[in-house]
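The values are calculated or read from the model by the stated rules, or taken from the named source; none is laboratory data. Here the structure is a predicted model, which means the values were calculated and not measured. Neighbour counts are summed over all protein chains in view; Cβ atoms, including those assigned to glycine, are modelled from backbone coordinates with ideal geometry. The protein model used for the area step is the full one, side chains on, heavy atoms only, and it has no ligands, DNA or RNA in it. Shrake-Rupley method; radii C 1.70, N 1.55, O 1.52, S 1.80 Å.
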Amino acid sequence: MAVRCNVAAKNVHSVKRQKTLLMKRFTRLFSLLFVSYLLIGAGLKKEIFTLYLVRHSEKVVSTEYPYDPPLTQCGAERAQHLSAFLEEVDVEAIYSTNFSRTEQTAQPTASAKGLNIQSYSTSNLKEFSSQLLELKQNALVTGHSNTTGVLAGILVDQEIGAFEESIYNRIYQVVVCGDQRQLNLLHTSFRCEP
């Protein structure tokens, strides 16, 4: 009888040892996988980024502001809606042309993210697109009806032209993953109340 108890004790001890060894192996494997995940993730972060290109929101149309009109009340509300749309997005940079309407469109997002608005010129969109691709940052870019689609097209090697001045609800989302670029055309649900 004592032998059987010893055998049973040895079996229990052996099972505990096997569980301990399995647990150690599992812990090592998990640690290795976790470190690999962190290293791969860190490398991919620099290779995957998203650009959001929008036209400025509704502007005042009057002879009082012939060249650089500000946003209307509706335009200011649309700019707030854009900021809410981008709330969960890790925006790292914000670019705007040097006009009141584009800067005012970007301002709510810049304030919410604690970022400064950087100016860019529409005179050389190809150069600016190269800059955006080299920086590899999630960014918001505000522009105009005759530049936003064109810039999106340059970024994805497609010919996209200007769009109608009555269109304010488009967001061109350009997702860049290494050498691959995907353009998604989003439409906001915001509508101005009369």
Show which aspartates and glutamates lie in cross-link reach of K59 when reach means a straight Cα distance below 20 angstrom and same-chain residues fewer than eight apart are skipped.
-> D68, E77, E103, E164, E165, E193
What is the distance, in nm, between label points placed 7 Å from the Cα along the Cα-to-Cβ direction at Q80 and at L133?
-> 3.9
Residues in region 131-169 reached by a label modelled at N124 [backbone nitrogen below 20 Å; 7 Å Cα→Cβ] = 131-136, 142-144, 147-148, 150-157
How many percent of all Cα-Cα pairs in region 49-194 sit more than 22 Å apart?
-> 33
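Which percent of the accessible area of region 115-163 is formed by carbon and sulfur heavy atoms (probe 1.4 angstrom)?
Details: 970 of 2400 Å².
Answer for region 115-163: carbon and sulfur cover 40 percent of the accessible area.
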Could I have the simple spin-label model distance between V89 and A162, label points 7 Å from Cα toward Cβ, reported in nm to one decimal?
-> 2.5
Measure of exposure for E134: accessible area at 1.4 Å probe, Å² rounded to 10, is 140
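Accessible area per residue for region 39-132 in Å², computed with a 1.4 Å probe and the full protein assembly in place, what is it? Can you show the working numbers first?
Details: 5050 Å² over 94 residues.
I get 54 Å² per residue for this part.
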So V60 and S189, fully extended at 0.36 nm per residue minus their Cα-Cα distance, gain in nm 44.3 nm
Everything considered on the Cα gyration tensor (a ≥ b ≥ c; rounded for a/c under 1.5, else prolate if a/b is larger than b/c, else oblate), region 131-194 must be described as prolate
Whole number please: convex hull volume per residue of the Cα set in region 63-121, in Å³?
-> 72
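Ranked from highest to lowest mean number of other Cβ atoms within 10 Å per residue, what is the order of the peptides 179-187, 77-85?
77-85, 179-187
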